[in-house]
Every structure is written in structure tokens, then in C-alpha cells.
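Read-outs: derived from the displayed coordinates by stated rules, not from any lab. What you see is a predicted model; the values in this text were computed from it and never measured. Virtual Cβ from ideal backbone geometry, glycine too; neighbours counted across all protein chains shown.
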Amino acid sequence: RRVHGEIKFTCSAMLTLQRASSSLLRSFAATTRSLAPRQIVAGFANASVQKDSLAINIRSGRGKKNYPNVTYLQRPGDGHDRVVTLIPGEGIGPELCDAVVEVFKHVHAPVVWDVQHDYMASNGTIKAAVIESMKRNGVVLKGNFETPIGSGPISRNLYLRRTLDLFAHVIHSFSIPGIKTRHENVDVVIIRENTEGEYSGLEHEVVPGVVESLKVITKKNSLRIAEFAFEYAFLTDRRKVTAVHKANIMKMCDGMFLQATREVAKRYPSIEYNEVIIDNCCMQLVMNPWQFDVMVMPNLYGSIVSNIGAGLTGGPGLTPGGNVGNDVAVFEQGTRHIGKDIAGQGVANPTAMLLSSVMMLRHLRLPAFADMIEQAVFKVLEENKKTRDIGGSLTTRQFLDAVIEKLS
């Protein structure tokens with residue numbers, strides 16, 4: 001039987017089982033060792049059998065010494081370097097990207113970096129040559145871009161999403177061993193439509209003092225993000241998809257979004273489907289995050305909910321994310337905090353960027369390298385070695401050295 005969450009047997013129950021049948025215990029142990037907890041991008045699943053203080057832990061990814069991994073069988077022709085566009089970005093972005101490059105070099109990951117330092121166009125967007133690099137390579141790792149508030153050119157992040165049609169933004173908020181938060185065993189995947197909604201960028205001044213901003217929702221793009229969410233749940237053994245909306249007020253826009261998700265849900269009868277209004281969703285997420293599994297929503301709601309998800313599990317320095325289109329995938333921190341106030345001080349937390357690079361390695365079909373890096377990061381955090389944003393005192397350099405030591 002597949003194990004979800006945490007199963008605990010009391011000492012007395014274990015002794016009863018032991019007296020009843022030692023062979024049953026041996027059978028249970030053998031079955032437990034063979035279990036493969038659901039493994040999501042940079043996820044963490046945990047099962048334990050406890051007798052008093054004794055515990056056996058099973059985690060996704062690269063197992064501990066008593067739990068060997070079955071080997072990865074590559075597709076013929078996969079034995080080549082992967083070229084990835086690297087855009088350091090602004091704020092703490094360059095420091096975090098440097099951390100990833102150093103770790104990849106240490107594990108000999110077959111990734112060649114196409115580094116784009118000079119990416120900003122004269123109109124404030126992204127240079128055509130950099131866009132071409134992304135399209136050519138198909139995979140991108142980037143630091144965040146700063147977006148002017150209240151004036152200035154279009155957001156470079158928004159420009160990138162539209163130009164490359166990065167329609168799905170995926171955030172994985174999950175509890176990490178060693179990180180103390182209000183809630184434990186949180187494991188939520190937030191899938192955000194990334195190209196339209198309130199982020200359509202259609203604003204104008206009707207008359208002086210009156211500004212109109214258009215929210216655009218299309219059936220085509222709503223179906224596309226709904227299909228992506230259910231496909232994700234189907235392929236990763238997720239059991240429930242929740243559509244987040246405000247159709248009680250925005251009856252046409254969000255109503256169309258719900259029509260699309262309901263239509264797709266009918267094609268996946270094995271996956272539970274429900275709906276929740278965005279304001280209630282935020283309250284429920286903070287009170288009882290365990291009721292959620294995969295969440296799909298329009299653009300603005302996704303921006304809000306993903307930040308709540310990051311806050312539930314330790315903050316922006318821990319949350320990985322990626323943006324997916326049909327031809328290009330862009331990986332970055334799950335919540336786009338630029339960290340301008342701490343840039344250059346050597347105190348930024350590289351965990352989110354490292355875990356985003358783990359997502360990228362799995363996307364590139366390089367799972368062995370992904371598992372090594374993921375487990376090294378988790379082990380360091382479990383040993384209470386942390387940067388100051390999550391209650392520790394390590395610098396970026398010290399944290400990175402600790403990760404590299406685990407990889408040695």
C-alpha cells in the first residue's frame with residue numbers, strides 16, 4: 001500500500017505485532033523498503049515507522065544508505081551536454097546563479113552555460129539576441145528582474161512570458177526537514193496561468209482621473225492551463241486538483257475559467273476536483289494547507305497564493321519554481337523576490353535557486369545529478385545549517401561549502 005504523510009505505530013502495537021508474527025514484521029519491513037513515495041519536482045515525501053524514539057525514514061529522491069536507488073536507464077542518444085541559457089538577473093540573482101554553476105561543476109553535471117550578462121534592451125525589455133538564445137536552447141535558468149513600480153516600461157518578466165509563451169508557472173511549496181514552520185508536512189503545488197488575466201497589460205486613462213485596466217480571460221488559454229494541471233496531477237500521483245476563482249463577482253471572466261477546468265476535469269475521473277473562491281482560499285491555505293494538493297488558477301491569484309505558499313514553508317529563499325511553455329522552460333526562484341536590499345552582502349539563501357536547478361535537471365532528463373544536489377541541500381538544512389533568513393547565521397559561501405561537502 002502506498003504511504004502518504006506519516007504513519008506511526010505505537011510501541012505496544014509494534015510489540016503485539018511482533019508477538020503475533022515475526023514473519024509479518026519481516027514482510028512489512030521488506031514492503032516498506034520497496035515503497036516509492038510520490039516524488040514531485042523538488043519534492044519531499046516522508047514516511048516513518050516508530051518504536052519509542054527509533055524511526056526508519058524514507059524520502060523521495062536519492063535514498064539513505066539502507067535504501068539503494070534502482071538505476072536510471074537513459075534514452076539512447078542522451079549522452080551529451082545540455083546547453084542552458086543563464087541570465088544572472090538583478091539583485092541577489094548573480095550570487096544565486098553563481099552558486100548553481102559552482103555546484104553543477106562539482107558534480108560534473110553535463111550542462112554548458114550560455115551566459116547572457118547583457119540582456120536588457122534599450123526600451124527596457126529583453127534583447128532579441130537573448131530571446132534567440134532561449135529559443136535555441138529551450139531551457140533557461142535566470143535570476144529575477146527588477147520591475148519599476150507605478151511607471152516605466154513593461155515588466156521584463158511579463159515580456160519574457162509573453163514572448164516565449166510560458167503559459168504555466170509552477171511553484172512547489174513543501175515542508176523541508178530542519179525548517180521549523182507553523183505547519184508541518186505541507187505539500188502543495190500551485191499552477192498559475194502565466195500570460196493573461198489581470199496581467200494582460202491593457203491599461204489606459206479614460207478621462208483625467210479615471211484609469212481602466214482590462215482583465216482578459218480566453219477559453220483557449222484556460223483549457224490549456226487546466227489540461228496542464230490535470231496532466232501534472234496524473235503523472236505525479238496527485239489525487240486532487242482545486243480551481244481557484246472569483247466567479248461570484250467576475251462571472252464572465254472567471255466563469256469561463258471554471259467552464260474550462262470543469263471540462264478538463266471530466267477527462268480525469270480518477271482525480272478529485274473542487275473549486276474555491278480566492279479570498280476563502282487564502283484563509284483556508286493558512287489554516288489548513290493539507291486540504292490542498294494541486295491548485296490551478298488565473299494569473300493574479302497565482303501571484304498571491306504562491307507567496308502565501310512560500311510563507312507557509314519557510315519563505316522565498318526556500319521555494320523552487322519553473323515556467324513552462326511548449327518550446328521553452330525557464331527556471332527561477334518560485335517567488336520573484338529580487339533581494340535588492342541584501343545584494344552583494346553574501347547572505348542570500350541559495351536553497352530556492354538550487355532546488356529550481358534540481359527541477360531543471362529533471363526536466364533535462366538528468367535525474368542522478370538532480371537527486372544528488374537535492375539530497376545534499378536537504379541534509380545540510382536537516383543539520384541546522386542555515387542562512388540568516390531562516391533563523392541561522394551562515395553566509396551564502398558557508399552554506400554552499402556545506403552543500404559541496406555533502407556532495408564530496
Margin query: Output wanted: per-residue J couplings in Hz (rounded whole) for the stretch 265-280, from phi through Karplus 6.51 cos²θ - 1.76 cosθ + 1.60, θ = phi - 60°, x for Gly and Pro.
Written below: 4, 5, 7, 10, x, 7, 10, 5, 10, 8, 10, 8, 6, 4, 5, 5
Check: Tell me, what ³J(HN,Hα) does each residue in the stretch 282-298 have, in order and in whole Hz, if you take phi through Karplus 6.51 cos²θ - 1.76 cosθ + 1.60 with θ = phi - 60° and put x for Gly and Pro?
Finding: 4, 5, 5, 5, 7, 7, 9, x, 5, 6, 9, 10, 10, 10, 10, 6, x
Item checked: Furthest towards positive pole of dipole, LEU166, ILE149, GLY209, structure part the stretch 89-230, Cβ charges -> LEU166
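GLU132 to ASP327: extension gain in nm, 0.36 nm per residue of separation minus the Cα-Cα distance? Don't skip to the end; give the middle numbers.
Numbers: separation 195, 0.36 × 195 = 70.20 nm, distance 1.22 nm.
Length gained between GLU132 and ASP327: 69.0 nm.
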Notebook entry, point to check: Under a 5 Å amide H to amide H cut-off, with H placed in plane at 1.01 Å, what residues pair with LEU318 once short-range neighbours are removed?
Noted result: ALA352
Notebook entry, point to check: Rg and Dmax of the stretch 135-263 over Cα atoms: what are they, in angstrom?
Noted result: 17.7, 55
Next item on the list: Place a +1 charge on the Cβ of each Lys and Arg in the stretch 275-408 and a -1 charge on the Cβ of each Asp and Glu, then give the dipole magnitude about the Cα centre in debye, rounded to the nearest 20.
Entry: 340 debye
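When the expected Rg is taken as 2.2 N^0.38 Å, what fraction or multiple of it is the alpha-carbon Rg of the stretch 306-365? If you can, show how the numbers build up before the last one.
Details: Rg = 12.3 Å, N = 60, 2.2 N^0.38 = 10.4 Å.
Cα-based Rg divided by the globular estimate yields 1.18.
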Next item on the list: Provide the gained length on full extension for the span ASN248 to GLU405, in nm with one decimal, where the gain is 0.36 nm per separating residue minus the Cα-Cα distance.
Entry: 51.2 nm
